[in-house]
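Participant: Quick one: structure below, then a few questions.
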Amino acid sequence: MIIKTFKTAEEIGVAVAEIFTKQVKNKPDSVLGLATGATPIPTYNNIIKNFNEGDFSFKAVKTYNLDEYCNLPKEDKNSYYTFMHKQLFDSLDILEENVHFLDGNAADTEAECKRYDDEINAAGGIDIQLLGIGNNAHIGFNEPADEFTNGSFKITLTQSTIDANKIYFDENPMPTHALTMGIKQIMSAKQIILIATGPKKAEAIKNMIEGPVTPQVPASILQEHDDVLIFLDEDAASLLTK
Ligand code: PGA
């Protein structure tokens, strides 16, 4: 793991956007694994800025998002489909047919998860997977568990995750289930970039980096990947001792 600490979330956004920009310039048909939540927003803003200022295109890029809520219409303002379009896709020249999500409303979730994993594999796998981290060290929606998961699957969200995300659900109750890429699927990305900002992430970051590899700290598995970049602000890094 390479750990980089920055003063502000905005500086991280500039640095991570630069990596994605170079990736797309060098490989116009890159396959990108993308994340939702508050954390990647500065990165997405800076990717848009680079796109507006640069001479490169997302027309051949394919994206696969980490997860999607179950039982929430795709067009709901809180779906991850809506989030990604608003925060990133609508401002790029990416083609709608190239942006991919798990369908949290699929009748047969097992078949849906298999379809998604097969599509990612058929696309050649993910070049760069962007991750945030939950207060409980989840990645995607892989909550603390007894075993590391494999491919995409349906998860029951923990109270910690519901508490962290329910602020966005002012009208309808927050969904209790989601479809998410599994740990093995995330680990098969060629490069992984994890961003954590703010004091609420400090303990998860300490456990992820300095603790044992255990499914009770899902992000700790990243210790076993050989190309991981961790971007932290000073608050998220504050409990690291080494
Ligand atoms: P956040 O979520 O960026 O909104 O903090 C991160 C996550 O749950 O993975």
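The values are calculated or read from the model by the stated rules, or taken from the named source; none is laboratory data. These numbers come from a predicted model, not from an experiment. Don't worry about glycine lacking a Cβ; one is built from the backbone with ideal geometry, like all the others, and counts go over all protein chains shown. Keep in mind that these areas ignore ligands, DNA and RNA; they rest on the heavy atoms of the full protein, side chains included. Shrake-Rupley method; radii C 1.70, N 1.55, O 1.52, S 1.80 Å.
Participant: Could you count how many residues in segment 22-67 are part of a helix (DSSP H, G or I) and open to solvent by 50 Å² or more (accessible area, probe 1.4 Å)?
Facilitator: 7
Participant: Condition first: among the charged types (D, E, K, R) and under 21 Å from A196 (Cα atoms). Now tell me which residues in segment 1-56 satisfy that.
Facilitator: Scanning segment 1-56 gives K4, K7, E10, E11, E18.
Participant: Quick one: how many residues across segment 123-166 are away from the ligand (no atom under 15 Å from the Cβ) and open to solvent by 40 Å² or more (accessible area, probe 1.4 Å)?
Facilitator: Selection size over segment 123-166: 8.
Participant: Right, next: Please tell me if V213 is open to solvent by 30 Å² or more (accessible area, probe 1.4 Å), more than 21 Å from K7 (Cα to Cα) and of a type outside the set (D, E).
Facilitator: Here the answer is yes, as V213 does meet what is asked.
Participant: Right, something else. Among (1) in contact with a strand residue (DSSP E or B) (Cβ under 6 Å, 6 or more places away or on another chain); (2) in a loop (DSSP other than H, G, I, E, B), where does I155 come up short?
Facilitator: Against the list (1) in contact with a strand residue (DSSP E or B) (Cβ under 6 Å, 6 or more places away or on another chain); (2) in a loop (DSSP other than H, G, I, E, B), I155 comes up short only on (2).
Participant: Turning to a different aspect of this structure: Restricting the search to segment 185-242, which residues are of a type in the set (D, E, K, R) and within 21 Å of L34 (Cα to Cα)?
Facilitator: Scanning segment 185-242 gives K190, K201, E224, D226, D227, D233.
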